[in-house]
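Asks: The structure's right below; bear with me while I get my questions together.
The values are calculated or read from the model by the stated rules, or taken from the named source; none is laboratory data. All values derive from a computational prediction rather than experimental measurement. Note that we place each Cβ from the backbone using ideal geometry, even for glycine, and neighbour counts take in every protein chain shown.
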Amino acid sequence: MDMAQEPSNASRGARGEPMIEVERLTRYYGPVPAINDVSFTAHKGEIVGFLGPNGAGKTTTMRMLTGYLPPSSGTARIAGHDIVNDSMAARKLIGYLPESTPLYPEMTVSDYLHFMARLRGVKDRGAAVERVMSQVSIDHRADDLIGHLSKGFRQRVGIAQALVHDPKLIILDEPTIGLDPRQIREVRELIAELRGDHTVLLSTHILPEAQQLCDRILIIKRGQIVAEDTTEGLTARLGGGEQVRVGLGRSVPAAEMRAALDKVRGVTEVTGDGDSYTVTVQPATDARAAIAAAVVGNGWPLVELNLSRLTLEDVFLELTASDTAEEAMEAEMVTEEEAD
Ligand SMILES: Nc1ncnc2c1ncn2[C@@H]1O[C@H](COP(=O)(O)OP(=O)(O)O)[C@@H](O)[C@H]1O
Ligand SMILES: [Mg+2]
């Protein structure tokens, strides 16, 4: 999917007010920090992805933001409420789907959601439960015991409980982990529908999931954010955008080729000589047609024109590349083919 065409991306320039402000958050377990000096901001209405291999510190960060784990140092504010000093107010604004949802197998879906609604101080609980059951399409299983549901349906119940008090901020910790491909698609569609009304912070170790769902991606590795940008922005900033390979039917002097292509909009560099050139263009300016016109306009026979894009996956793998082979195995990075 080309995220550039999502409406939320088009409006990204006009950012909403900050919903999550994280400042130098650090958490130690013993001598090693699981999260080390992490800062970031998520704005109202954004879907922000927390992307990183297992053990990167995603869950630790989310547990601090939701008030389940005190930071060792640093702080965070949820819509201006400090997660430590103003924890109750901050927590009220958050709906949280933990890594493993503590659902009650012996309760029915409806009873469980009523119970969660009461815990969260929802006034019109009947209406709230109806609303979230319909939102996650679980109304037809309202009277079933949670223990009898498939993993996909249990995950929907988990998302429903995170939505029952209509929170401004939804924090989802690896919401599709352990689901089958169809369930993964359904849960991703559900999350996409939250776009705009809510701010969503979503963790995943699956790159295509982050690309598909998120307006902005924070790549986290060993407790630190190693990159933060839009999907396109990340690719462009870290990889140099797009390149067009131009093959000619006969040799053309490099100076002439450069002179001709330098005039094409978006072209930033021309390298090569003779009958083979590589033209670097600004990201997302597919300049192939203009390059072809310039070549042909000079009477040079054009025999090859190939666009190569550095994918975000290339960037991700490079950024989170482990220093040792064992670490690489532990990291269990998932690629597009495996994920879908
Ligand atoms: N309760 C804990 N006690 C000790 N170490 C922990 C604990 N929870 C997490 N860690 C360690 O902190 C690091 C980050 O873990 P986590 O936040 O779960 O990462 P992620 O969610 O990205 O997989 C890992 O090295 C993990 O082993
Ligand atoms: Mg985790």
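Asks: Among the numbered conditions (1) under 18 Å from V48 (Cβ atoms); (2) more than 16 Å from ligand 2 (Cβ to nearest atom), tell me where H81 comes up short.
Replies: Of everything listed in (1) under 18 Å from V48 (Cβ atoms); (2) more than 16 Å from ligand 2 (Cβ to nearest atom), H81 misses just condition (1).
Residue-by-condition table, conditions (1) assigned to a helix (DSSP H, G or I); (2) in the same structural domain as H43 (by TED's automatic domain parsing); (3) closer than 21 Å to E21 by Cα:
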position: L201; (1), (2), (3): no, yes, yes
position: P208; (1), (2), (3): yes, yes, no
position: I217; (1), (2), (3): no, yes, yes
position: E256; (1), (2), (3): yes, no, no
position: T278; (1), (2), (3): no, no, no
position: D286; (1), (2), (3): no, no, no
position: V295; (1), (2), (3): yes, no, no
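Asks: Between D143, D124, which is over 22 Å from L93 (Cβ atoms), surrounded by fewer than 17 Cβ atoms within 10 Å (Cβ to Cβ) and not assigned by TED's automatic domain parsing to the domain that holds H81? Give the derivation first.
Replies: Working: D124 fails: over 22 Å from L93 (Cβ atoms).
Exactly one residue qualifies, and that residue is D143.
Asks: Being away from ligand 2 (no atom under 16 Å from the Cβ), crowded, with 24+ Cβ neighbours inside 10 Å and closer than 14 Å to Y96 by Cβ is the requirement here; does I47 meet it?
Replies: no
Asks: Looking at E130, E174, E193 in this structure, which one is modelled with pLDDT of 95 or more and either among the aliphatic types (A, V, I, L, M) or away from ligand 2 (no atom under 16 Å from the Cβ) (or both)? Walk me through it before giving the result.
Replies: Working: E174 fails: either among the aliphatic types (A, V, I, L, M) or away from ligand 2 (no atom under 16 Å from the Cβ) (or both); E193 fails: modelled with pLDDT of 95 or more.
Among E130, E174, E193, only E130 is modelled with pLDDT of 95 or more and either among the aliphatic types (A, V, I, L, M) or away from ligand 2 (no atom under 16 Å from the Cβ) (or both).
Asks: Does any residue of segment 16-26 turn out to be part of a strand (DSSP E or B), modelled with pLDDT of 90 or more and among the acidic types (D, E)?
Replies: Looking through segment 16-26, at least one residue is part of a strand (DSSP E or B), modelled with pLDDT of 90 or more and among the acidic types (D, E).
Asks: Next question, about the same structure. Scan P53, P71 and give me the residue that is in contact (Cβ under 8 Å) with a residue 24 or more places away in the chain and more than 11 Å from ligand 1 (Cβ to nearest atom).
Replies: So the residue among P53, P71 that is in contact (Cβ under 8 Å) with a residue 24 or more places away in the chain and more than 11 Å from ligand 1 (Cβ to nearest atom) is P71.
Asks: Right, here's the next one. Look through R185, R118 and report the one residue that is farther than 30 Å from E21 by Cβ, free of Cβ contacts under 8 Å to residues at least 24 places away in the same chain and touching a Lys or Arg at 6+ places or on another chain (Cβ under 8 Å).
Replies: The match here is R118.
Asks: For D86, work out the one condition from (1) surrounded by fewer than 17 Cβ atoms within 10 Å (Cβ to Cβ); (2) of a type outside the set (V, I, T); (3) over 23 Å from the mean Cα position of the chain (by Cα); (4) over 30 Å from E23 (Cβ atoms) it doesn't fulfil.
Replies: If we test D86 against (1) surrounded by fewer than 17 Cβ atoms within 10 Å (Cβ to Cβ); (2) of a type outside the set (V, I, T); (3) over 23 Å from the mean Cα position of the chain (by Cα); (4) over 30 Å from E23 (Cβ atoms), just (4) comes out false.
Asks: For G67, which of the numbered conditions (1) part of a strand (DSSP E or B); (2) farther than 14 Å from E99 by Cα fails to hold?
Replies: Tallying (1) part of a strand (DSSP E or B); (2) farther than 14 Å from E99 by Cα, G67 fails exactly one: (1).
Asks: Does segment 261-284 hold any residues that are under 16 Å from R245 (Cβ atoms) and in contact (Cβ under 8 Å) with a residue 40 or more places away in the chain, and which are they?
Replies: If the condition is that a residue be under 16 Å from R245 (Cβ atoms) and in contact (Cβ under 8 Å) with a residue 40 or more places away in the chain, then T280, V281 are the ones that fit.
Asks: State the number of residues belonging to segment 242-256 that are surrounded by 14 or more Cβ atoms within 10 Å (Cβ to Cβ) and touching a residue at least 40 places away in the same chain (Cβ under 8 Å).
Replies: 8
Asks: Has segment 236-249 got at least one residue that is among the aliphatic types (A, V, I, L, M) and either within 14 Å of the chain's Cα centre (by Cα) or modelled with pLDDT under 85 (or both)?
Replies: yes
Asks: Keeping to segment 276-289, report how many residues are more than 25 Å from T231 (Cβ to Cβ) and either buried (at least 17 other Cβ atoms within 10 Å of the Cβ) or out of contact with any strand residue (DSSP E or B) (no Cβ under 8 Å at 6 or more places or on another chain) (or both).
Replies: The total comes to 1.
Asks: Where residues in segment 24-44 are in contact (Cβ under 8 Å) with a residue 12 or more places away in the chain and among the β-branched types (V, I, T), which of them is farthest from ligand 2 (Cβ to nearest atom)?
Replies: T41
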